[in-house]
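The block underneath contains the structure these notes are about, expressed in structure tokens.
The values are calculated or read from the model by the stated rules, or taken from the named source; none is laboratory data. Keep in mind the model is a prediction, meaning the values are calculated, not measured. Every residue, glycine as well, gets a Cβ built from its backbone with ideal geometry; the counts of neighbours run over all protein chains shown. Only protein heavy atoms, including side chains, enter the accessible area calculation; ligands, DNA and RNA are left aside. Shrake-Rupley method; radii C 1.70, N 1.55, O 1.52, S 1.80 Å.
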Amino acid sequence: MSGQTAADPDCIFCRIVRGELPSRRVFEDPDMIAFHDIKPIAPVHFLIIPRQHLVSLAECDEAHAPLLGRMLAKAGVLAREQGLGGGFRTIINTGRGGGQEVYHLHVHIVGGSRPLGAMLPREG
Ligand code: DGP
């Protein structure tokens with residue numbers, strides 16, 4: 001598999017996985033953890049990340065499909081548990097052009113008290 005190492009000692013999310021940095025966890029299992037985002041953009045904003053260090057979605061291939069599928073399959077369950085039964089937005093920022101800041105693959109789950117607007121402003 002490409003884009004994967006066992007762990008990156010300098011990666012913030014690897015440090016959260018290892019418990020070296022605090023996080024408000026909402027879920028964990030042998031493959032993934034979920035925790036609240038430190039800079040929420042909505043009343044509910046948490047992240048689902050793989051325990052293994054995957055840089056981004058761009059580095060994933062077919063071999064990662066089971067893990068990625070499990071992460072997405074968990075999103076709705078966790079969202080409902082966090083009060084987002086009315087709907088939520090799922091975001092995966094990928095690479096510099098995609099606005100990714102932390103280079104450890106993560107899925108944002110965002111929602112809250114009112115319906116979210118259009119996802120991106122239209123250009124031009
Ligand atoms: P992205 O642009 O998709 O790479 O977003 C990274 C997100 O990670 C951003 O919303 C803030 C969040 N984040 C960064 N550092 C930490 C941290 O130390 N703890 C938590 N809980 N979230 C963090």
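Being of a type in the set (Val, Ile, Thr), under 30 Å from residue 115 (Cβ atoms) and open to solvent by less than 70 Å² (accessible area, probe 1.4 Å) is the requirement here; does residue 48 meet it?
On the way: of a type in the set (Val, Ile, Thr): yes; under 30 Å from residue 115 (Cβ atoms): yes; open to solvent by less than 70 Å² (accessible area, probe 1.4 Å): yes.
In short, yes.
Suppose the filter is within 16 Å of the ligand (Cβ to nearest atom), at pLDDT below 95 and either under 10 Å from the mean Cα position of the chain (by Cα) or not aromatic (Phe, Trp, Tyr) (or both); does residue 116 pass it?
Numbers: within 16 Å of the ligand (Cβ to nearest atom): yes; at pLDDT below 95: yes; either under 10 Å from the mean Cα position of the chain (by Cα) or not aromatic (Phe, Trp, Tyr) (or both): yes.
The answer is yes for residue 116.
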* Return a yes/no flag: does the stretch 6-18 have any residue that is touching an Asp or Glu at 6+ places or on another chain (Cβ under 6 Å) and not β-branched (Val, Ile, Thr). => yes
* Asked: Which one is farthest from the ligand (Cβ to nearest atom) among residues in the stretch 59-94 that are aliphatic (A, V, I, L, M) and surrounded by fewer than 14 Cβ atoms within 10 Å (Cβ to Cβ)?
  -> 63
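Can you list the strands (runs of 3 or more DSSP E) found entirely within the stretch 34-124 that contain at least 1 residues being over 23 Å from residue 17 (Cβ atoms) and in contact (Cβ under 8 Å) with a residue 12 or more places away in the chain?
Numbers: elements: 44-50, 89-91, 107-111.
So the answer is 89-91, 107-111.
Step by step: first the residues of the stretch 6-27, then only those that are of a type in the set (A, V, I, L, M, F, W, C) and more than 8 Å from the ligand (Cβ to nearest atom), then the one that is surrounded by the most Cβ atoms within 10 Å (Cβ to Cβ). Which residue is that?
Taking the stretch 6-27 and keeping what is of a type in the set (A, V, I, L, M, F, W, C), we get 6-7, 11-14, 16-17, 21, 26-27.
Then drop every residue that is not more than 8 Å from the ligand (Cβ to nearest atom), which leaves 6-7, 11, 14, 17, 26-27.
Numbers: 6: 7, 7: 14, 11: 17, 14: 20, 17: 22, 26: 18, 27: 15.
My answer is 17.
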* To do: Provide a single number: the residues in the stretch 95-108 that are more than 8 Å from the ligand (Cβ to nearest atom) and within 11 Å of the chain's Cα centre (by Cα).
  => 3
